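One structure is given below, encoded as structure tokens.
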Ligand SMILES: *Cc1c(COP(=O)(O)O)cnc(C)c1O
């Protein structure tokens, strides 16, 4: 497939080296299993299906843009994480990745716990019937109302994030006649992203209390003194979209070192350690995520080894995957609108959504893949940039992608791995109506979060 055969394709070497992509894929109709939800296939008519239902049918029934979530994949991933860690550890799904009542029920049925980090997430969790003791409450600036509500509900743990919060939570718990189970979130001087991690001396960020300069040790000292608190452990979360376990290794070592210091100073062995979330998923064929059982094995070995050498009993481990559970289970379905070939550069393909349903590309330069899903094509590859309909030139969904050169308005294209941090970060920019989330399972599809309507917009506008 020579590039010059495709007039809309790239011509200049400098354009080619500017992007994130490598060579065009050999088969544009192929679906890489790594990036698509478990039941996604292309049927004999060339139409992509999820749970056996054609995307063209889904588009007719639910409209576009829309997120389609493979429920069986979600449940299977929950089970894989729960099984991998077994009885000696707890898996908390990070609700901020995507939360709805249906998700809360699935988590409950599959035996997972839940992290929330706002009053709204807590309300959703409780409303859907998650037992409070299976909820952990996070956040660097929890309001007094949020803390009161969490303590009253009886959440299993509050993760303390600052010196002020230690006092605030203790005070609120005492005023309710309770002793609140808490962990202290520490920053271990490790920052991990994707394929690398950086060990830093100081943490220049808003979360947690630094291990450096004895700050975390001081936080433990204060928490242990307060009657309203039951300090159960130390928490550390080092980053996101991580593939390299080396960052967790450093983090676990430093947290265990703190546990040893706490034992030496106070004569108590804190029974729990939480290593956070951040485990990576495949957004493109170039990503190679690890399986939950490999991650569980690696983390458990690290903690066990470090504790042995510090002479501590191994604490109960917890982890908090969000993206790794929900991310791969959904794709966003768009209809192709205008197509604009820019001579010698690339072709801009506009879809009926954009940064309002997926802000990650604009926000973090995230990479995604995309495929034509309503039909197959024999046309050659065309270098495209998939963009939205918003009034921002940074409104990019997929920065660099090859799509068939005969792509036309009305075609359906889908962006896989949009289950995490897409609907949960969606906005109403340009008064866009936030898309629905449709759960697909064994031949059935049902809306679990409905599409926003213009009435919804006007209802908030009370001026
Ligand atoms: C965001 C977050 C997570 C989940 O991160 P993922 O990348 O979705 O796995 C877990 N724990 C804490 C404290 C977080 O802030």
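The values are calculated or read from the model by the stated rules, or taken from the named source; none is laboratory data. Keep in mind that what you see is a predicted model, and the values were worked out from it rather than measured. Please note: Cβ atoms are built from the backbone with ideal geometry, for glycine as well, and neighbour counts cover all protein chains shown.
For the stretch 307-352, what are the residues that are assigned to a helix (DSSP H, G or I) and closer than 30 Å to residue 71 by Cα?
Narrowing the stretch 307-352 to residues assigned to a helix (DSSP H, G or I): 307-310, 323-329.
If the condition is that a residue be assigned to a helix (DSSP H, G or I) and closer than 30 Å to residue 71 by Cα, then 323, 324, 325, 326, 327, 328, 329 are the ones that fit.
Take the residues in the stretch 387-417 that are closer than 16 Å to residue 364 by Cα and buried (at least 24 other Cβ atoms within 10 Å of the Cβ), then tell me which one is nearest to the ligand (Cβ to nearest atom). Looking at the filtered set, the residue picked out is 417. Scanning the stretch 223-281 for residues being assigned to a loop (DSSP other than H, G, I, E, B) and either out of contact with any helix residue (DSSP H, G or I) (no Cβ under 7 Å at 6 or more places or on another chain) or not assigned by TED's automatic domain parsing to the domain that holds residue 303 (or both) gives a total of 9.
Of everything listed in (1) over 28 Å from residue 53 (Cβ atoms); (2) assigned to a helix (DSSP H, G or I); (3) in contact (Cβ under 8 Å) with a residue 24 or more places away in the chain, the single unmet condition for residue 304 is (3).
Looking across the stretch 299-314, the residues that are under 16 Å from residue 87 (Cβ atoms), more than 16 Å from the ligand (Cβ to nearest atom) and within 27 Å of the chain's Cα centre (by Cα) come down to 300, 303.
Evaluation of residue 357 against the conditions (1) more than 16 Å from the ligand (Cβ to nearest atom); (2) buried (at least 19 other Cβ atoms within 10 Å of the Cβ); (3) part of a strand (DSSP E or B) shows that the sole unmet condition is (3).
Do you know which residues across the stretch 32-50 are over 16 Å from the mean Cα position of the chain (by Cα), surrounded by 21 or more Cβ atoms within 10 Å (Cβ to Cβ) and closer than 16 Å to residue 326 by Cβ? Show your work before the answer.
The first filter runs over the stretch 32-50 and keeps only residues over 16 Å from the mean Cα position of the chain (by Cα), leaving 32-34, 38-50.
Checking the rest, the ones that are also surrounded by 21 or more Cβ atoms within 10 Å (Cβ to Cβ) come to 40, 48, 50.
Listed by number, the residues that qualify are 40, 50.
The listed residues are 445, 420, and the only one of them that is within 16 Å of the ligand (Cβ to nearest atom), closer than 26 Å to residue 322 by Cα, under 24 Å from the mean Cα position of the chain (by Cα) and not in a helix (DSSP H, G or I) turns out to be 420. Across the stretch 126-141, the number of residues qualifying as surrounded by fewer than 24 Cβ atoms within 10 Å (Cβ to Cβ), within 16 Å of the ligand (Cβ to nearest atom) and not in a helix (DSSP H, G or I) comes to 3. Among the residues of the stretch 315-342, those that are touching a residue at least 24 places away in the same chain (Cβ under 8 Å) and more than 15 Å from the ligand (Cβ to nearest atom) comprise 315, 316, 331, 332, 333, 334, 335, 336, 337, 338, 339, 341. The set of residues in the stretch 100-117 that are more than 17 Å from residue 83 (Cβ to Cβ) and either touching a strand residue (DSSP E or B) at 6+ places or on another chain (Cβ under 9 Å) or assigned by TED's automatic domain parsing to the domain that holds residue 423 (or both) comprises 100, 101, 102, 103, 104, 114, 115, 116, 117.
So, in the stretch 271-294, exactly how many residues are crowded, with 22+ Cβ neighbours inside 10 Å and closer than 26 Å to residue 310 by Cβ? Selection size over the stretch 271-294: 7.
Taking the listed residues 150, 192, the one that is at negative phi, in a helix (DSSP H, G or I), assigned by TED's automatic domain parsing to the domain that holds residue 242 and touching a residue at least 12 places away in the same chain (Cβ under 8 Å) is 150, with no other qualifying.
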